[in-house]
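Report on the structure given below.
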Amino acid sequence: MWLMVAMAWPVMAQKAGLVKDEDGYTNVRKGPGTKYEIVDQIPDGMFVYFKPATKGWHKVYNTFTDGTPPEMIGYMAANKIVVPARNGIAKEVAQVKDEDGYTNIRKGPGTKYAIVGKVKDGGYILINGDYEDRWFKVYTQKGTFRGYISANKVMRLESPVF
């Protein structure tokens, strides 16, 4: 099972990226190609550590919180990993937690602002901000500002900073 926690180990030569939002999850395979068996599935939007590999497939690594070194879990197609732009704004991964099934992304930090998008319960997003502000800034997977989301509708994850 994929661990949704960050590492306590040095990143060494791995890069951090996000699993591209498409079909709900992306397969991790035993070898670099679709002919290899599926060994794991990682949810869309979740962060992943990887090392670039050859012929369009990245080596993907699991992470542990107890200081255990990273463990390669398999290969993922390179076009399934997005690396957000580093534009000087620290972004981290959070998960939407809303029993209504989704939560709104708004144009400004408050319910009086227009709704510019929605995120499903359980979905992963990139955020920036302080919980005391009660609203986090939300970014697309590529790192572009999208709007604001209520801080009490998301759970911050221990994740790399993008």
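The values are calculated or read from the model by the stated rules, or taken from the named source; none is laboratory data. Since the structure is predicted, the reported quantities are computational estimates derived from the model, not experimental observations. All Cβ positions, even for glycine, are placed from backbone atoms using ideal geometry, and neighbour counts span all protein chains on display. Only protein heavy atoms, including side chains, enter the accessible area calculation; ligands, DNA and RNA are left aside. Shrake-Rupley method; radii C 1.70, N 1.55, O 1.52, S 1.80 Å.
Listing for the model above:
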item: Test for THR68: is it touching a residue at least 24 places away in the same chain (Cβ under 8 Å) and either closer than 20 Å to ILE38 by Cβ or among the polar types (S, T, N, Q) (or both); result: yes
item: Only listed residue being modelled with pLDDT of 90 or more and under 18 Å from ASP21 (Cα atoms), chosen from ILE149, ILE81, ILE115, ILE73; result: ILE81
item: Residue list for region 12-22, filter: surrounded by 14 or more Cβ atoms within 10 Å (Cβ to Cβ) and assigned to a loop (DSSP other than H, G, I, E, B); result: GLN14, LYS20, ASP21
item: Single residue of ARG146, ARG156 found to be open to solvent by 90 Å² or more (accessible area, probe 1.4 Å), free of Cβ contacts under 8 Å to residues at least 60 places away in the same chain and closer than 21 Å to PHE47 by Cα; result: ARG146
item: Some residue of region 108-118 being under 17 Å from the mean Cα position of the chain (by Cα) and either farther than 22 Å from GLU158 by Cβ or of a type in the set (A, V, I, L, M) (or both); result: yes
item: Residue satisfying all of: in region 129-139; surrounded by 16 or more Cβ atoms within 10 Å (Cβ to Cβ) and not basic (Lys, Arg); modelled with the lowest pLDDT among these; result: GLY129
item: Scope region 113-143; condition closer than 17 Å to MET46 by Cα and not aliphatic (A, V, I, L, M); matching residues; result: LYS120, ASP121, GLY122, GLY123, TYR124, ASN128, TYR139, THR140, GLN141, LYS142, GLY143
item: Subset tally (residues that are under 24 Å from GLN141 (Cβ atoms) and over 18 Å from the mean Cα position of the chain (by Cα)) for region 56-69; result: 2
item: Tally of residues being more than 19 Å from ARG156 (Cα to Cα), surrounded by 19 or more Cβ atoms within 10 Å (Cβ to Cβ) and of a type in the set (Ser, Thr, Tyr) across region 50-88; result: 2
item: Pairs, first crowded, with 18+ Cβ neighbours inside 10 Å in region 89-118, second among the acidic types (Asp, Glu), C-beta under 6 Å, six or more apart; result: VAL96/ASP121; ASP98/ASP121
